[in-house]
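Taking it in order: structure first as structure tokens, then the write-up.
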Amino acid sequence: MLLRELQKRLAGLYDAPAEHDVYDFLVTDAAHAAALQGAAAPPTDEQLLVVEEEDGFGISLYLDRAVIERLAERCPLRSLSEDNLGDFCTALEGVSHFHYFVWSAAMARHVSLLELELQAEVDKYASALQLMLQQREGRFPGELFERLFDRSAFLPHLPPQERTRYEEAHRFAARFCRRLEERFLRRRQARPEALLAELRTFYRLGRHAKLRHAEQWR
């Protein structure tokens, strides 16, 4: 199934396996998701639902059924293009949130909302890049950065605090991914092994270290 394969690819990309399968926690009905969190329907097509409990956390991933159905018709694992990139990013973001949360929880690491969003922005770029390189026989998708970072938009109805968090995560991820391109992909001699090592290092950094690294790394 697609979401399981996306989770498997993230685990392999970062050498960060997690013992929980995303499908065991998946919710695709907005009314069900609203009931789980005791609030209105989710404002987006994707949302990680986390409830703190006495002995840990209760977690579900809401991903709108329509997104999954469209991806079943235009599977990004076969061909990732402008036609399905938006839905791919929605699904990948949800899987990223779930996987990073459960992987961190297994190591007793606290994860902030900003950290989740920042890592998901990097994951969308890295995962799309990996797929496109495979599907294009190694030809670098020069348009990908512009599509994900320069031409993206935020939902107009987001609360100010939430919008600020998304904007900050987007800004820091753009800086980091731009330097990944410049350092490892756009030079005459590409360095995929060094790119992979850098991504894995970034994945393991905490919130503040991630922000410093994205801001200062050269």
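If a residue has to be at pLDDT 80 or above and more than 19 Å from Tyr100 (Cβ to Cβ) to count, how many in the stretch 46-65 make the cut?
2
Would a scan of the stretch 149-167 turn up a residue that is in contact (Cβ under 8 Å) with a residue 24 or more places away in the chain, open to solvent by 20 Å² or more (accessible area, probe 1.4 Å), closer than 20 Å to Cys89 by Cα and of a type in the set (S, T, N, Q)?
So far as the stretch 149-167 goes, no, none of its residues is in contact (Cβ under 8 Å) with a residue 24 or more places away in the chain, open to solvent by 20 Å² or more (accessible area, probe 1.4 Å), closer than 20 Å to Cys89 by Cα and of a type in the set (S, T, N, Q).
Return the residue satisfying two criteria in turn: it lies in the stretch 63-78 and is outside any helix (DSSP H, G or I) and more than 19 Å from the chain's Cα centre (by Cα), and of such residues it is surrounded by the most Cβ atoms within 10 Å (Cβ to Cβ).
This residue is Arg74.
Is the stretch 22-36 home to any residue that is outside any helix (DSSP H, G or I), surrounded by 12 or more Cβ atoms within 10 Å (Cβ to Cβ) and β-branched (Val, Ile, Thr)?
yes
Select from the stretch 107-148 the residues that are of a type in the set (Phe, Trp, Tyr) and either open to solvent by less than 50 Å² (accessible area, probe 1.4 Å) or touching a His at 6+ places or on another chain (Cβ under 7 Å) (or both) and list them in ascending order.
Tyr125, Phe145
If the requirement is being part of a strand (DSSP E or B), crowded, with 18+ Cβ neighbours inside 10 Å and over 13 Å from the mean Cα position of the chain (by Cα), which of these qualifies: Ser104, Ser60?
The match here is Ser60.
Checking the conditions here, which among Leu199, Leu205 is within 30 Å of Ala106 (Cβ to Cβ) and touching a residue at least 60 places away in the same chain (Cβ under 8 Å)?
Leu199
Being under 16 Å from Gln130 (Cα atoms) and free of Cβ contacts under 8 Å to residues at least 12 places away in the same chain is the filter here, so list the residues in the stretch 1-35 that pass it.
Lys8, Gly12
The values are calculated or read from the model by the stated rules, or taken from the named source; none is laboratory data. As the structure is a computational prediction, the values presented were derived from the model and not from experiment. All Cβ positions, glycine included, derive from the backbone under ideal geometry; neighbour counts span all protein chains shown. Each accessible area value is taken on the protein alone, full model and side chains, heavy atoms only, with ligands, DNA and RNA left out. Shrake-Rupley method; radii C 1.70, N 1.55, O 1.52, S 1.80 Å.
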